[in-house]
Amino acid sequence: METEVISKQITISAAAEAIWDILLHPADQWGKAFGEGSFVKTDWQTGSEVIWTDASGDIGARGMVKAHRPQEYLQVDMYDELNPAADAQTGEYSEVYRLVKAESGAYELRIESGPLAKKYIPQHEKMWDQALEIIKDLSEKR
């Protein structure tokens, strides 16, 4: 099966602290790009579990924080199973978020998501585009 990694970026004219705060609190904000009522349970500490749920509380994805440097870098590696065994290793899919200061003084939020089967790429690209626009809008309003 052919796979691909989604890479997106958006320029945001806001403080790094505001952008990162919104990034770490997707519920009722940018998480809705992936489904209304999307919620994440985690403390974002390296090694901590990350559980995405829908409005009904059903688990949609489960992972682990691989690395977190506040206002700079976050990597979440996902498990292949929704209920992995205690000793399970994460799968190939991960989400990486980078915040880089641009020459203009604004910030670029860059994401990488994948690998995903190519047939899912168009749908997921639309969701990421919407999520990034929501993050930008909320950050710039602070």
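How big, in percent, is the set of alpha carbon pairs in the chain lying more than 22 Å apart? Numbers along the way, then the final one.
Details: 3717 of 10011 pairs.
For the chain, the fraction of Cα-Cα distances above 22 Å is 37 percent.
If you find the alpha carbon centre of the range 1-47 and of the range 63-142, how far apart are they in angstrom?
Between the Cα centre of the range 1-47 and that of the range 63-142, the gap is 6 Å.
From the residues 34, 84, 130, which one has its Cα farthest along the dipole of the chain in the positive direction, the dipole being from +1 and -1 charges on Cβ of Lys/Arg and Asp/Glu about the Cα centre?
Looking along the dipole axis, the top candidate is 130.
Only residues of the range 28-56 count here: report those whose backbone N is under 12 Å from the spot 7 Å along Cα→Cβ of residue 141, or say none.
29-30
Subtract the Cα-Cα distance of residue 90 and residue 58 from 0.36 nm times their separation in residues, and report this length gain in nm to one decimal.
Working: separation 32, 0.36 × 32 = 11.52 nm, distance 1.99 nm.
In short, 9.5 nm is gained.
With n ≥ 4 as the cut-off for DSSP H runs, can you work out [θ] at 222 nm for the chain, using -39500 (n - 2.57) per run divided by the number of residues, rounded to the nearest 500?
-6500 deg cm²/dmol
Quick one: with all protein chains in place, what share of the accessible area of the range 1-122 is carbon or sulfur, to the nearest percent (1.4 Å probe)? Could you put the intermediate results ahead of the total?
On the way: 3020 of 6710 Å².
Roughly 45 percent, rounded to a whole number.
Determine one quarter of the surface area of the Cα convex hull of the range 30-98, which equals its mean projected area, and express it in nm² to one decimal. Don't skip to the end; give the middle numbers.
Values: hull surface 19.0 nm².
Reported value for the Cα convex hull: 4.7 nm².
Calculate the FRET efficiency for residue 71 and residue 36 from the Cβ-Cβ distance with a Förster distance of 30 Å, rounded to the nearest 0.05.
Details: r = 28 Å, r/R0 = 0.95.
Between residue 71 and residue 36 the formula returns 0.60.
Among 129-139, 26-36, 77-87, what's the highest-first ranking by average C-beta atoms within 10 angstrom per residue? Mind showing how you got there, number by number?
Values: 129-139: 18.3, 26-36: 16.3, 77-87: 12.2.
Per-residue Cβ counts within 10 Å, averaged per peptide and sorted highest first, yield 129-139, 26-36, 77-87.
How are the C-alpha pair distances of the range 1-55 spread across 10 Å bins, as whole percents from the shortest bin up?
Going from the shortest bin to the longest, the percentages are 19, 39, 37, 5, 0.
Evaluate the distance, in nm, between pseudo-label points positioned 7 Å from the Cα of residue 118 and of residue 25 along their respective Cα→Cβ axes.
Inter-label distance under the simple model: 4.1 nm.
Tell me the angle of helix 121-141 to the major Cα principal axis of the chain, expressed in degrees between 0 and 90 and rounded to the nearest ten.
40 degrees
Accessible area per residue for the chain in Å², computed with a 1.4 Å probe and the full protein assembly in place, what is it? It would help to have the intermediate numbers written out before the result.
Values: 7970 Å² over 142 residues.
Accessible area per residue: 56 Å².
Taking the Cα centre of the chain as the origin, how large is its charge dipole in debye, to the nearest 20, when only Lys and Arg (+1) and Asp and Glu (-1) carry charge on their Cβ atoms?
Dipole about the Cα centre, nearest 20: 300 debye.
Over the chain, what is the mean sequence separation of C-alpha contacts under 8 Å (at least six apart), divided by residue count, expressed as relative contact order in percent? Display every interim value, and only then the final one.
Working: 296 pairs, mean separation 45.6, N = 142.
Contact order relative to length: 32 percent.
Once fully extended, how much extra length lies between residue 130 and residue 3, figured as 0.36 nm per residue of separation less the alpha-carbon to alpha-carbon distance? The partial results should precede the final answer.
On the way: separation 127, 0.36 × 127 = 45.72 nm, distance 2.19 nm.
Full extension of this stretch gives 43.5 nm more.
Evaluated at 25 °C with a viscosity of 0.890 mPa s, what Stokes-Einstein diffusion coefficient in µm²/s does the range 63-142 have when Rh comes from the Kirkwood expression over alpha-carbon pairs? Could you put the intermediate results ahead of the total?
Details: Rh = 14.4 Å.
The calculation lands on 170 µm²/s.
The values are calculated or read from the model by the stated rules, or taken from the named source; none is laboratory data. The structure presented is a predicted model; accordingly, all values stated were derived computationally and were not measured. Neighbour counts run over all protein chains shown; Cβ positions are idealised from the backbone, glycine included. To get the accessible areas, we keep the full protein, side chains included, count just its heavy atoms, and leave off ligands, DNA and RNA. Shrake-Rupley method; radii C 1.70, N 1.55, O 1.52, S 1.80 Å.
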